[in-house]
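Rule-based calculations on the coordinates, nothing more; no lab input. Please read all numbers here as calculations on a predicted model, not as lab measurements. Virtual Cβ from ideal backbone geometry, glycine too; neighbours counted across all protein chains shown.
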Amino acid sequence: MSDDQFKNVIAHAKEYGFIFQSSEIYDGLSAVYDYGQNGALLKNNIKAYWWGAMVQMHENIVGIDSAIFMHPTTWKASGHVDAFNDPLIDNKDSKKRYRADVLIEDHVEKIRQKIEKEVAKAAKRFGESFEREQFESTNPRVVGYHEKIRSVMDRFVKSMEAEDLADVKQLIEDEQIKCPVSGSMNWTDVRQFNLMFGTQMGSVAEGASTLYLRPETAQGIFLNYLNVQKTGRMKIPFGIAQIGKAFRNEIVARQFIFRMREFEQMEMQFFVRPGTEMEWYEKWKEKRLAWHNSLGFDSSNYRFHDHEKLAHYANAAADIEFKFPFGFKELEGIHSRTDFDLKQHEEFSGKKLQYFDPELGENYVPYVVETSIGLDRMFLAILSNSLQTEQLEDGSSRTVMNIPAFLAPYKVAVLPLLKKDGLPEKARDVVNALKFDHMVQYDEKDAIGKRYRRQDAAGTPLCVTVDHQTLEDHTLTVRFRDTMKQIRIPMDELNELVAQKVSLSAQFSKL
Ligand code: GAP
């Protein structure tokens, strides 16, 4: 997708009430966005799908809703005060600021693309006899590219682990990484920047204390782990899920809702017996990819990216990357977090956070496998993948959002053919029959064709048209968004048809 197409996604999101820039009348607030009337519905539907798939479909997973404010020691214990940093670098000519790790990863991605080009060329040349693995391990140029990637990443990981920021800068210079805006290599030194937002609790007179807006929802789960385990009589392995806001003072805020300063996470911590975490890590990687694939987008839109540089709490980590309009980027993280967090909270709080395993007859601090997906990124994945311009047989084109029907903001639009002859009243009856189960929109303005197009562009999967024949024989026309096909059915069959087309439970059964 080109830059123009991505701009089109952003413009469409605004025009159809999905996403607005926050505080727009004051010229906006950078990297903060509001969800409009359609956006809020789509977002709620994504949440319901995730929550259902994780909590409703698993007997051993329960959901909580913890507060955004937490005791400040939480963040000392979790390591976020000391280690939740991004390495920053500025280009002195363009005055643009970058994350050093992103500059390096983008550089590596360019080398990967060169490999892909070589592979594509060779595949064409060798035809059916082409074997990718063999080609990649023998072609000197490709072998060289792979070596380059390995050496850059190894050096980067090593210097970050040693907190050798001077070497990170040196690596950028050695690799001749240029500022994408100025094209120069006139870089400042690399320095660390903590991403947490601080705020004050209590009046100054009482001695206010500094709180942080949570940078991840996970810590609310860790702090409640024993409360939930005991009150829910949970037996290991079990999970705790949560959906909620998180806040990060992102240095490089760009790419629309991909990187925001206020965003929402859908996280699940799965507590397991020590030593079994890698098995669960693999299982959750698989399960989460299946959840994404169940949406029906082409599976080539997803890929795993195993982390080379691990976060301070993890012993294994992978991203599920999605092909966003600006390339493959992280959509969800699956992390094996060991017992790091619970052990740290034991140490800082002085409270035991152990589990008595009746099968082993012993106490231990459980290990944790986490799945963490950004709700806003999921929203962007759906929006950008669904928005299509279709060329029609009559030479015209239409804009349509093929949002999976069970996630669509409105499920049905009810349209009286004319604004007279009792058709609006009859259409209102149809709305009233559906609105207890579904989000339904009534629209009588403009010609019917224009109304269909408006609903296509907003992603409404079904349009129901009430005409003069409806008054006579109680039948309706149902038009399907994706095929534009129309069928005529008796009014009393409508509820069942809609339920079948937009059913969330049918979706769960695919998992
Ligand atoms: N608890 C683990 C954790 O927070 P993370 O990889 O930093 O891990 C998890 O974040 C997910 O949250 C990411 O995969 C991404 O989808 C989403 N996310 C992170 N930062 C974000 C931001 N600034 N804007 C939007 N989504 C973000």
Under 18 Å from Lys43, Cα to Cα: lysines that are on another chain or at least 8 residues apart = Lys14, Lys245, Lys411
Quick one: grab the alpha carbon gyration tensor of the range 1-86, order the square roots of its eigenvalues as a ≥ b ≥ c, and give me rounded if a/c is under 1.5, else prolate or oblate depending on whether a/b is larger than b/c.
-> oblate
Place the peptides 452-464, 112-124, 476-488 in order of packing, highest mean first, counting for every residue the other Cβ atoms within 10 Å and averaging per peptide.
-> 452-464, 476-488, 112-124
HN-Hα J in Hz across the range 134-142 - Karplus 6.51, -1.76, 1.60, θ = phi - 60°, x for Gly and Pro | 5, 4, 5, 8, 10, 5, x, 5, 5
Straight-line reach check, Lys148, cutoff 13 Å on alpha carbons, 8 or more apart in-chain or any other chain, hits among aspartates and glutamates -> Glu105, Glu109, Asp174, Glu175
Could you list which residues have their amide H under 5 Å from that of Phe324, counting only those 5 or more apart in sequence or on another chain, with H placed in the peptide plane?
-> Lys329
Calculate how steeply helix 277-293 sits against the longest principal axis of the alpha-carbon atoms of the chain, using the helix alpha-carbon long axis, and give the answer as 0 to 90 degrees to the nearest 10.
-> 30 degrees
Going by a ≥ b ≥ c, the root eigenvalues of the Cα gyration tensor, does the range 394-509 fall in the rounded group (a/c under 1.5), the prolate group (a/b larger than b/c) or the oblate group?
-> oblate
For a label point 7 Å from the Cα of Lys343 along Cα→C-beta, name the residues of the range 63-90 whose backbone N is under 17 Å from it.
-> 77-80
Give the order of Thr188, Thr399 when sorted by the count of other beta carbons within 10 angstrom, beginning with the fewest.
-> Thr188, Thr399
Dipole of the chain, Cα-centred, from +1 at each Lys and Arg C-beta and -1 at each Asp and Glu C-beta, to the nearest 20 debye?
-> 700 debye
Roughly what % antiparallel, to the nearest 5, for the DSSP beta bridges in the chain?
-> 85 percent
Compare the peptides 339-346, 78-85 by average per-residue count of other Cβ atoms within 10 angstrom and give them in order, highest first.
-> 339-346, 78-85
Which loop-located GluC sites (Glu not before Pro) does the range 135-180 contain, where loop means any DSSP state but H, G, I, E or B and the Cβ has at most 16 other Cβ atoms within 10 Å?
-> Glu163
Loop-resident sites, the range 368-419, for trypsin sites (Lys or Arg not before Pro), counting at most 15 other Cβ within 10 Å (DSSP) | Lys419
Among the lysines, which fall within straight-line cross-link reach of Lys230, defined as a Cα-Cα distance under 16 Å, with same-chain neighbours fewer than 8 residues apart omitted?
-> Lys351, Lys352
Above-threshold pairs, the threshold being 20 Å between Cα atoms, out of Lys169/Lys323; Lys114/Lys285; Lys47/Lys76; Lys287/Lys510 = Lys169/Lys323; Lys114/Lys285; Lys47/Lys76
